[in-house]
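Down below is the structure, laid out as structure tokens.
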Amino acid sequence: MKSRVWALCVVGIIVLTTAAFLLLPDLSGRRSVSIEGRAYSHIALLSDLHLPGNQRDAKTRVIENLNSWNDLNAVAVLGDTVQTRGTTAEYAYAKSFFSQLKAPVFAITGNHDFIYDDQLGPSGKNRKALPEQRREKLLRFRQLFSLEDHFYSKKLQGYLLVFLSADDLDSAYLASLSKGQLDWLKQTLTINRNLPTLIFFHAPLQNTYSGNGNNVGKQDFCAQPSVVIAEMLQANPQVFLWVSGHIHLAPSHRSNNSPENLYQGRVLNVHNPDLNGSSYLTSDDVQVSRHQGLATNSLFLYPDRVVIRMYDHNAQAWLPGERVIPAPKL
């Protein structure tokens, strides 16, 4: 696969020697990034790092591996970047960690980035933060990644990439979109109905996985508000990929590549493993297990298809198998 990809890359460079591909203007008015064109664009996916967390040296090795990939256009960070409660200390560590990464970063929030109080509750467990505290942590997140806002869109290789963040200041759910963000999403999808669209959000779509302990079917473990999201996706057939983390499925878990990943018969939910060594290893597990595994998905965006591959950062090798997802014809 690697040789084939590089062959395609060389052909693309020869064809496009007189013109670099520039991202189309971002119609949302938010910041765009210019990336040189080729036969494909490569986006690596990092999810649930929980920094500092477990496996600190191994996480640094992931950054080193990404920095060695000459074809890498960007890295999408899918939430739960910081370990537990989004404290200033956790964010300071995350800033140091990402300062080592060379590629542009497209980041979104997860619940651990903003939703919890800095202090544990009386029972010694995490407790939900008040709205003003959540707002402050969202600001910390934007400052970490130098973002004007925590939801935005990019255009790359003829695709619209939509990055959504859990940001509801009042919701009891772990991963819920605010009304303002939902309104923006509806407008963005309406304006770009002619572009095949990928959506990146921390939590998966409802009922796109199984065997996640006692969490399957619970509203905290899917994107909210689920009914509104379902209606919006139904009305926008250009959306064909939903890229998420949150549920800590190891690469060995069958829901990483299963018919149940298909939502509404056409939107593929791409689940991504956590990078904190705390995962559901199989569909029979009722709780997470500690392990030393370290793998990430990559998206290779071609004009007519998206190829999904997984990389083992311990073995420093691409895992067998790939998924080829045709782009919708609009």
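Overview of results
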| quantity | calculated |
| --- | --- |
| For ALA107, distant residues with modelled amide H under 5 Å away | VAL77 |
| Angle between the chain longest axis and helix 2-15 axis [Cα atoms, degrees, rounded to 10] | 60 degrees |
| Cα shape, the chain, gyration tensor, a/c 1.5 rule | rounded |
| Candidates per trypsin sites (Lys or Arg not before Pro) in segment 111-189, loop by DSSP, up to 16 other Cβ within 10 Å | LYS125, ARG127 |
| Using θ = phi - 60° and Karplus 6.51 cos²θ - 1.76 cosθ + 1.60, couplings along segment 50-59 (whole Hz; Gly, Pro as x) | 6, 6, x, x, 7, 6, 4, 5, 5, 5 |
| 0 to 90° range, to nearest 10: angle between helix 179-191 axis and the chain longest Cα axis | 10 degrees |
| CD proxy at 222 nm, helix term only [per DSSP H run n ≥ 4: -39500 (n - 2.57); per residue of the chain; nearest 500] | -7000 deg cm²/dmol |
| Euclidean distance of C-alpha centroids, segment 43-74 and segment 276-330, integer Å | 14 Å |
| Under the Karplus curve 6.51 cos²θ - 1.76 cosθ + 1.60, θ = phi - 60°, whole-Hz ³J(HN,Hα) for segment 251-259, x wherever Gly or Pro sits | x, 6, 6, 5, 6, 5, 8, 8, x |
| Relative contact order computed over segment 215-302 (Cα-Cα under 8 Å; 6+ residues apart), in percent | 24 percent |
| Average Cα contact separation per residue, the chain, under 8 Å, 6 or more apart, as relative contact order % | 17 percent |
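Laboratory data are not the source of any read-out in this text; all were calculated from the coordinates shown. From a predicted model like this one, the values you see are computed outputs, not experimental measurements. Ideal geometry is used to build each Cβ from the backbone, glycine not excepted, and the neighbour counts take in all protein chains shown.
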